[in-house]
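Before any comments, here is the structure.
The values are calculated or read from the model by the stated rules, or taken from the named source; none is laboratory data. Computed from a prediction, not measured in an experiment: that's the story for all the values here. All Cβ positions, even for glycine, are placed from backbone atoms using ideal geometry, and neighbour counts span all protein chains on display. Protein only, heavy atoms only, side chains kept; ligands, DNA and RNA dropped before computing areas. Shrake-Rupley method; radii C 1.70, N 1.55, O 1.52, S 1.80 Å.
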Amino acid sequence: MQTRWIASDGGPLLSTRTWPAKRGAPRAFVGHSQPTYSGNVVDLAAALAAAGFEVFAGDLRGHGASVDQRTPRGHLDPQHGWDDLVGDMARFLETAFGDTPWDERLIVAPNISALLVLTLLARTPDLARDIVLVSPVPNQPALPILGRAFIRARLLFKSPVEPDEQMLHHLYSFLGAHLKERRHLADVISGDRAVVEGLLSDPLAWPTPSLGYWSAIFDGMARVWRELEKARVRPGTRVLVLYGGEDAMMRDGAFAPAMTARLKSAGVEDVSTARVDGGRSGLFLEEKNL
(Lines give C-alpha, C1' and ligand atoms only; values in the text may rest on other atoms or scores of the structure.)
Protein backbone atom coordinates (compact mmCIF):
# COMPACT_ATOMS: atom_id res chain seq x y z
CA MET A 1 0.00 0.00 0.00
CA GLN A 2 1.20 3.49 -0.88
CA THR A 3 -0.03 6.75 0.66
CA ARG A 4 0.11 10.28 -0.72
CA TRP A 5 -1.69 13.62 -0.63
CA ILE A 6 -3.58 15.26 -3.48
CA ALA A 7 -4.97 18.78 -3.72
CA SER A 8 -8.65 19.53 -3.18
CA ASP A 9 -10.57 22.49 -4.51
CA GLY A 10 -10.12 25.16 -1.84
CA GLY A 11 -10.02 22.76 1.09
CA PRO A 12 -7.53 20.59 2.97
CA LEU A 13 -5.09 18.28 1.24
CA LEU A 14 -6.76 14.90 0.69
CA SER A 15 -5.14 11.76 2.08
CA THR A 16 -5.16 8.81 -0.34
CA ARG A 17 -4.07 5.16 -0.43
CA THR A 18 -3.17 3.00 -3.42
CA TRP A 19 -2.66 -0.74 -3.74
CA PRO A 20 -0.58 -1.05 -6.96
CA ALA A 21 -0.99 -3.88 -9.47
CA LYS A 22 0.67 -4.98 -12.68
CA ARG A 23 0.53 -2.63 -15.66
CA GLY A 24 -2.79 -2.75 -17.46
CA ALA A 25 -4.75 -4.19 -14.51
CA PRO A 26 -8.37 -3.09 -14.05
CA ARG A 27 -8.83 -0.41 -11.41
CA ALA A 28 -11.13 -0.15 -8.42
CA PHE A 29 -12.06 2.75 -6.19
CA VAL A 30 -13.31 2.08 -2.64
CA GLY A 31 -15.18 4.83 -0.78
CA HIS A 32 -16.04 5.20 2.89
CA SER A 33 -19.07 6.16 4.98
CA GLN A 34 -19.92 8.96 7.41
CA PRO A 35 -18.05 7.82 10.54
CA THR A 36 -15.19 6.10 8.70
CA TYR A 37 -12.23 6.89 6.42
CA SER A 38 -9.95 5.05 3.99
CA GLY A 39 -8.01 3.40 6.81
CA ASN A 40 -11.13 1.44 7.72
CA VAL A 41 -11.50 -0.15 4.25
CA VAL A 42 -8.04 -1.72 4.09
CA ASP A 43 -9.36 -5.29 4.29
CA LEU A 44 -11.79 -4.73 1.41
CA ALA A 45 -9.16 -2.94 -0.67
CA ALA A 46 -6.62 -5.70 -0.05
CA ALA A 47 -9.15 -8.33 -1.13
CA LEU A 48 -9.78 -6.47 -4.39
CA ALA A 49 -6.02 -6.12 -4.90
CA ALA A 50 -5.65 -9.88 -4.39
CA ALA A 51 -8.31 -10.36 -7.07
CA GLY A 52 -6.14 -8.48 -9.56
CA PHE A 53 -7.30 -4.87 -9.28
CA GLU A 54 -5.22 -1.79 -8.74
CA VAL A 55 -7.12 -0.20 -5.85
CA PHE A 56 -7.47 3.43 -4.77
CA ALA A 57 -9.13 4.91 -1.66
CA GLY A 58 -9.12 8.34 -0.03
CA ASP A 59 -10.41 10.40 2.87
CA LEU A 60 -13.09 12.94 1.98
CA ARG A 61 -12.55 16.32 3.61
CA GLY A 62 -13.63 16.38 7.24
CA HIS A 63 -12.85 12.64 7.50
CA GLY A 64 -9.75 10.73 8.52
CA ALA A 65 -6.59 12.71 7.77
CA SER A 66 -8.15 15.12 5.24
CA VAL A 67 -8.54 17.97 7.72
CA ASP A 68 -7.16 21.43 8.40
CA GLN A 69 -7.95 24.38 10.66
CA ARG A 70 -11.01 25.43 8.65
CA THR A 71 -12.27 21.88 8.16
CA PRO A 72 -11.61 19.85 11.31
CA ARG A 73 -12.63 16.22 11.52
CA GLY A 74 -16.41 15.92 11.59
CA HIS A 75 -17.12 19.35 10.10
CA LEU A 76 -18.23 20.64 6.69
CA ASP A 77 -19.29 24.08 5.54
CA PRO A 78 -23.08 24.19 6.04
CA GLN A 79 -23.61 26.21 2.84
CA HIS A 80 -21.48 24.37 0.30
CA GLY A 81 -20.17 21.33 2.16
CA TRP A 82 -21.98 18.82 -0.03
CA ASP A 83 -20.66 20.36 -3.23
CA ASP A 84 -17.19 20.29 -1.66
CA LEU A 85 -17.54 16.54 -1.07
CA VAL A 86 -18.72 16.02 -4.65
CA GLY A 87 -15.58 17.82 -5.79
CA ASP A 88 -13.41 15.63 -3.57
CA MET A 89 -15.02 12.48 -4.98
CA ALA A 90 -14.45 13.73 -8.52
CA ARG A 91 -10.75 14.26 -7.71
CA PHE A 92 -10.52 10.75 -6.26
CA LEU A 93 -12.09 9.11 -9.31
CA GLU A 94 -9.96 11.13 -11.74
CA THR A 95 -6.85 10.09 -9.83
CA ALA A 96 -7.95 6.47 -9.44
CA PHE A 97 -8.91 5.84 -13.05
CA GLY A 98 -6.87 8.26 -15.18
CA ASP A 99 -7.01 6.88 -18.71
CA THR A 100 -8.29 3.44 -17.61
CA PRO A 101 -10.91 2.20 -20.10
CA TRP A 102 -14.50 2.56 -18.94
CA ASP A 103 -15.12 -1.19 -18.97
CA GLU A 104 -12.16 -1.82 -16.63
CA ARG A 105 -13.36 0.47 -13.84
CA LEU A 106 -15.06 -0.67 -10.62
CA ILE A 107 -16.49 1.63 -7.94
CA VAL A 108 -17.43 0.32 -4.48
CA ALA A 109 -19.22 3.13 -2.66
CA PRO A 110 -20.91 2.82 0.75
CA ASN A 111 -23.38 5.23 2.36
CA ILE A 112 -22.53 8.88 1.66
CA SER A 113 -19.90 7.83 -0.90
CA ALA A 114 -22.71 6.06 -2.76
CA LEU A 115 -24.69 9.30 -2.92
CA LEU A 116 -21.62 11.22 -4.10
CA VAL A 117 -21.04 8.66 -6.85
CA LEU A 118 -24.68 8.89 -7.94
CA THR A 119 -24.36 12.68 -8.10
CA LEU A 120 -21.31 12.36 -10.35
CA LEU A 121 -22.96 9.62 -12.43
CA ALA A 122 -25.76 12.06 -13.24
CA ARG A 123 -23.15 14.51 -14.54
CA THR A 124 -20.61 12.06 -16.00
CA PRO A 125 -22.48 9.31 -17.86
CA ASP A 126 -19.38 7.14 -18.40
CA LEU A 127 -18.11 7.19 -14.81
CA ALA A 128 -17.52 3.42 -14.61
CA ARG A 129 -19.07 0.28 -16.03
CA ASP A 130 -19.41 -1.51 -12.70
CA ILE A 131 -20.71 0.29 -9.60
CA VAL A 132 -21.51 -1.27 -6.22
CA LEU A 133 -23.63 0.87 -3.91
CA VAL A 134 -23.37 -0.45 -0.35
CA SER A 135 -26.21 0.52 2.01
CA PRO A 136 -27.05 3.71 0.09
CA VAL A 137 -29.54 6.15 1.57
CA PRO A 138 -32.72 5.32 -0.41
CA ASN A 139 -34.69 7.76 -2.53
CA GLN A 140 -37.30 8.71 0.03
CA PRO A 141 -37.60 12.20 1.53
CA ALA A 142 -38.46 11.40 5.16
CA LEU A 143 -34.91 11.23 6.55
CA PRO A 144 -33.58 14.53 5.09
CA ILE A 145 -36.80 16.32 6.05
CA LEU A 146 -36.57 15.02 9.62
CA GLY A 147 -32.85 15.73 9.84
CA ARG A 148 -33.06 19.28 8.51
CA ALA A 149 -35.90 20.14 10.90
CA PHE A 150 -33.90 18.92 13.88
CA ILE A 151 -30.81 20.81 12.70
CA ARG A 152 -32.76 24.07 12.44
CA ALA A 153 -33.90 23.60 16.03
CA ARG A 154 -30.41 22.78 17.28
CA LEU A 155 -28.92 25.82 15.52
CA LEU A 156 -30.97 27.99 17.88
CA PHE A 157 -28.73 26.76 20.70
CA LYS A 158 -25.39 25.88 19.11
CA SER A 159 -22.90 27.09 16.51
CA PRO A 160 -22.73 25.14 13.23
CA VAL A 161 -18.99 24.62 13.82
CA GLU A 162 -19.21 22.89 17.22
CA PRO A 163 -19.52 19.10 17.55
CA ASP A 164 -23.07 18.25 18.55
CA GLU A 165 -23.64 15.16 20.70
CA GLN A 166 -27.42 15.65 20.57
CA MET A 167 -27.62 15.30 16.80
CA LEU A 168 -25.36 12.26 16.80
CA HIS A 169 -27.36 10.62 19.58
CA HIS A 170 -30.79 11.22 18.08
CA LEU A 171 -29.84 10.22 14.53
CA TYR A 172 -28.12 6.98 15.49
CA SER A 173 -30.79 6.14 18.06
CA PHE A 174 -33.35 6.50 15.26
CA LEU A 175 -31.28 4.32 12.93
CA GLY A 176 -30.76 1.68 15.61
CA ALA A 177 -34.32 1.52 16.94
CA HIS A 178 -34.91 -1.88 15.29
CA LEU A 179 -31.97 -3.59 17.01
CA LYS A 180 -32.91 -5.93 19.84
CA GLU A 181 -29.63 -5.48 21.70
CA ARG A 182 -27.37 -2.45 21.52
CA ARG A 183 -24.43 -1.39 23.70
CA HIS A 184 -23.37 1.67 21.72
CA LEU A 185 -24.74 3.98 19.02
CA ALA A 186 -22.14 2.50 16.65
CA ASP A 187 -23.83 -0.89 16.79
CA VAL A 188 -25.95 0.23 13.83
CA ILE A 189 -22.75 -0.19 11.79
CA SER A 190 -21.97 -3.81 12.65
CA GLY A 191 -23.09 -6.68 14.82
CA ASP A 192 -19.45 -7.75 15.22
CA ARG A 193 -18.11 -6.33 18.49
CA ALA A 194 -14.53 -6.39 17.21
CA VAL A 195 -15.49 -4.19 14.24
CA VAL A 196 -17.38 -1.73 16.46
CA GLU A 197 -14.67 -1.56 19.12
CA GLY A 198 -12.00 -1.15 16.46
CA LEU A 199 -13.90 1.78 14.97
CA LEU A 200 -14.44 3.44 18.34
CA SER A 201 -10.79 3.08 19.31
CA ASP A 202 -9.53 4.49 16.01
CA PRO A 203 -8.56 8.16 16.61
CA LEU A 204 -9.39 9.07 12.99
CA ALA A 205 -12.84 7.45 12.96
CA TRP A 206 -16.21 8.03 14.65
CA PRO A 207 -15.92 11.79 15.29
CA THR A 208 -18.84 13.73 16.77
CA PRO A 209 -19.96 15.75 13.73
CA SER A 210 -20.90 19.41 13.82
CA LEU A 211 -24.29 20.79 12.82
CA GLY A 212 -22.55 22.20 9.75
CA TYR A 213 -21.53 18.65 8.81
CA TRP A 214 -25.07 17.33 9.12
CA SER A 215 -26.48 20.33 7.25
CA ALA A 216 -24.24 19.47 4.30
CA ILE A 217 -25.02 15.74 4.40
CA PHE A 218 -28.78 16.15 4.59
CA ASP A 219 -28.60 18.70 1.78
CA GLY A 220 -26.98 16.02 -0.37
CA MET A 221 -29.54 13.39 0.64
CA ALA A 222 -32.33 15.69 -0.50
CA ARG A 223 -30.69 16.46 -3.86
CA VAL A 224 -28.99 13.38 -5.21
CA TRP A 225 -31.92 11.24 -6.36
CA ARG A 226 -33.60 14.28 -7.93
CA GLU A 227 -30.48 15.00 -9.97
CA LEU A 228 -30.48 11.43 -11.22
CA GLU A 229 -33.97 11.86 -12.67
CA LYS A 230 -32.63 13.73 -15.70
CA ALA A 231 -29.50 11.62 -16.19
CA ARG A 232 -28.76 9.28 -19.09
CA VAL A 233 -25.80 7.03 -18.32
CA ARG A 234 -23.62 5.16 -20.78
CA PRO A 235 -25.28 1.99 -22.14
CA GLY A 236 -23.89 -1.11 -20.47
CA THR A 237 -23.48 0.48 -17.02
CA ARG A 238 -24.10 -2.10 -14.30
CA VAL A 239 -25.10 -1.35 -10.70
CA LEU A 240 -25.32 -3.67 -7.69
CA VAL A 241 -27.16 -2.39 -4.62
CA LEU A 242 -25.78 -4.33 -1.64
CA TYR A 243 -27.38 -4.07 1.80
CA GLY A 244 -27.52 -5.89 5.11
CA GLY A 245 -30.38 -7.82 6.59
CA GLU A 246 -30.11 -5.67 9.73
CA ASP A 247 -29.50 -2.36 7.95
CA ALA A 248 -31.42 0.58 9.39
CA MET A 249 -33.35 1.50 6.23
CA MET A 250 -32.74 -1.23 3.66
CA ARG A 251 -33.09 -4.42 5.71
CA ASP A 252 -36.51 -5.50 4.38
CA GLY A 253 -35.76 -4.42 0.82
CA ALA A 254 -38.83 -2.18 0.70
CA PHE A 255 -36.92 0.68 -0.94
CA ALA A 256 -35.05 -1.52 -3.42
CA PRO A 257 -37.74 -1.46 -6.16
CA ALA A 258 -37.93 2.36 -6.13
CA MET A 259 -34.14 2.65 -6.26
CA THR A 260 -33.97 0.11 -9.07
CA ALA A 261 -36.64 1.97 -11.04
CA ARG A 262 -34.82 5.30 -10.67
CA LEU A 263 -31.51 3.80 -11.79
CA LYS A 264 -33.11 2.10 -14.79
CA SER A 265 -34.88 5.32 -15.77
CA ALA A 266 -31.42 6.91 -15.88
CA GLY A 267 -30.31 4.28 -18.40
CA VAL A 268 -28.63 1.71 -16.16
CA GLU A 269 -29.31 -1.49 -18.07
CA ASP A 270 -28.39 -3.98 -15.37
CA VAL A 271 -29.49 -3.25 -11.79
CA SER A 272 -29.19 -6.01 -9.20
CA THR A 273 -29.85 -6.04 -5.46
CA ALA A 274 -28.36 -8.39 -2.89
CA ARG A 275 -29.15 -8.77 0.81
CA VAL A 276 -26.42 -9.97 3.20
CA ASP A 277 -27.92 -11.74 6.21
CA GLY A 278 -26.70 -10.22 9.47
CA GLY A 279 -25.10 -7.26 7.73
CA ARG A 280 -25.68 -3.70 8.88
CA SER A 281 -24.80 -0.31 7.39
CA GLY A 282 -21.06 -0.97 7.69
CA LEU A 283 -21.00 -4.42 6.12
CA PHE A 284 -18.18 -3.21 3.84
CA LEU A 285 -15.97 -3.17 6.98
CA GLU A 286 -16.48 -6.92 7.46
CA GLU A 287 -14.45 -8.35 4.58
CA LYS A 288 -12.81 -10.87 6.94
CA ASN A 289 -16.26 -12.17 7.94
CA LEU A 290 -17.85 -12.02 4.50
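Partner lysines whose Cα lies under 28 Å from the Cα of K22, excluding those fewer than 8 positions away in the same chain, are identified as K288. Note on R123: accessible area approximately 130 square angstrom, rounded to 10, probe 1.4 Å, nucleic acids and ligands left out.
Cross-link reach is defined here as a Cα-Cα straight distance under 18 Å, omitting same-chain residues fewer than 8 places apart; for K230 the lysines meeting it are K264. The mean sequence separation of alpha-carbon pairs under 8 Å and at least six residues apart, normalised by the residue count of region 212-280, gives a relative contact order of 42 percent. Note on the chain: with charges restricted to the Cβ of Lys and Arg (+1) and Asp and Glu (-1), its dipole about the Cα centre is near 360 debye. Here is how the number arises for the chain: DSSP H runs of 4 or more residues each give -39500 (n - 2.57), the sum is divided by the residue count, and the result at 222 nm is -11000 deg cm²/dmol. A cut-off of 5 Å between modelled amide H atoms, ignoring neighbours fewer than 5 places along the same chain, links V134 with A109, N111, L242.
Just checking the listed ones, S15, S33, S159: in the Gaussian network model of the chain with Cα springs under 10 Å, the one fluctuating most is S159.
Applying the Karplus relation 6.51 cos²θ - 1.76 cosθ + 1.60 with θ = phi - 60° to region 128-135 yields 3J(HN,Hα) values of 6, 6, 10, 10, 10, 9, 9, 6 Hz, where x marks Gly and Pro. The residues packed around P125, meaning those with a beta-carbon under 12 Å from its beta-carbon, carry a net charge of +4 if Lys and Arg are +1 and Asp and Glu are -1. Candidates (1) 13.9; (2) 17.4; (3) 21.1; which is the computed mean projected area of the Cα convex hull in nm²? Recomputing mean projected area of the Cα convex hull in nm² here picks out (1).
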